[in-house]
1. What is the order of 338, 12, fewest Cβ neighbours within 10 Å to most?
2. Which far-off residues, 5 or more places away or on another chain, put their amide H under 5 Å from the one on residue 240, with H placed in the peptide plane?
3. Just add up the charged neighbours of residue 226: K/R +1, D/E -1, any other residue whose Cβ is under 12 Å from the Cβ of residue 226.
4. For residue 248, list long-range residues whose amide hydrogen, built 1.01 Å from N in the peptide plane, is under 5 Å from its own amide hydrogen.
5. R0 = 22 Å: FRET efficiency of residue 108 with residue 359, Cβ-based, nearest 0.05?
6. From the phi of every residue in segment 212-225, what ³J(HN,Hα) in whole Hz does the Karplus formula 6.51 cos²θ - 1.76 cosθ + 1.60 yield, where θ is phi - 60° and glycine or proline is x?
7. Which whole-angstrom value gives the distance between the alpha carbon centres of segment 287-315 and segment 88-122?
8. Which of the three applies to segment 153-359, rounded, prolate or oblate, going by the alpha-carbon gyration tensor with a ≥ b ≥ c and a/c under 1.5 meaning rounded?
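Throughout, read-outs are computed from the coordinates displayed, never taken from laboratory work. All values derive from a computational prediction rather than experimental measurement. Cβ placement follows ideal geometry from the backbone for every residue including glycine, while neighbour counts extend to all protein chains displayed.
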Amino acid sequence: MRDLFERAIAEKPDDVAAHAAYADWLTEQGDSRGEFIRVQLALEDETLGPQRRTELRAEEKRLLDAHAREWLGPELTALLFPRWFRRLMPKGEFAFRRGWLDRLSFPELEQRVALALARSSATRLLRSLSFEAGGSEEDWPTLMAAPFVSTLREFQLGLDPMQSVGAANEAVEFLALAQSLESFKLMAAEVVTESIFALPLPRLRTLEVHCATSYRCDALSQNPTVTNLQRLAFHPHAADPDDPRSFLGLDQLRAISRSPHLTGLRDLEFHLSDAGDAGCRELVESRLLGRLRHLSLQFGRVTDEGARILAESDQLGQVELLDLDHNALTGEGFALLKATGIRVSAIDQHGPDDNDYLYSGDME
């Protein structure tokens, strides 16, 4: 019966009724995990009053403190609860959802972590996995052999958009296997973005690629499977002091704004770009501006002319937040945008001929 229930949940992890039935059966067997599942399901009710929610949170914590090591299994427990004197042992964070291990985060992808993830039955319904730093070429095949890869919903490699994890082309192979991913975030200087942008990505809703030195937006623009993509975020590597050019320019922005497939895009972060005022005009003329709810052009060279182009557009009213921090606006340009009534952020502006903003990214 346990296998039948778990197979049914694995096939349809969003089926609340299947989780509830499994909880009832576990409780009948005297298994505390049944009560834990029922508590977590109850906490999903948004109509709960504050007192009842507090009571359920306390019960959830009591059960987790008593049984987390048992439910995680020995290998994951050794990684997540290391003894204080075993300094070389990694330590990460975890969370359960509906009684199953749902989220894992580790400081670094390394072989013992990859092995534990691949061999543990506790990771069967894992939905979110992240590493602050990448691993070696030998670590990735082990991770990619884990049974949860095909059903994983979120994957993140790197923590800070301004700090690269180094080489991460193996992440492209991982992404190719993780066909259920809805969110993929990568902070890597050495990665072939064309390989990422050309992959079949039918379920992907969030794509963030930071610290890269090449953005093949033409490949993304021509990808017919990206119709569900809602959030796109790029913050490239800092410019080369000997060749101070942005790795994101007008051509890349035009590829995104004119794509016949990026029809679901609602949130665009296009940072460290020299597209400037011409980029503002492109957003208006392509009509992409009218589809966006959040637009961030941080670390750029948008001047008061770009502000005027945006402010005069009949599309700007759809934007809920316009972020122009670290650009080249004066008070006049900021006033034009504020007068439209939308939320605008424009801190730390620089001069129109100042290129220092190009070094506000990951640096070797």
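1. Values: 338 14, 12 11.
In order of increasing Cβ crowding within 10 Å: 12, 338.
2. So residue 240 has HN proximity to 245.
3. On the way: positive: 203, 205, 231; negative: none.
For residues surrounding residue 226, the net value is +3.
4. Under 5 Å from the amide H of residue 248: 274.
5. Working: r = 27 Å, r/R0 = 1.23.
Efficiency for this residue pair is about 0.20.
6. Per residue, the Karplus-derived 3J(HN,Hα) values read 6, 10, 8, 10, 7, 5, 5, 5, 5, 4, 8, 7, x, 9 Hz.
7. 42 Å
8. On the way: a/c = 2.08, a/b = 1.40, b/c = 1.49.
Cα axes put segment 153-359 in the oblate bin.
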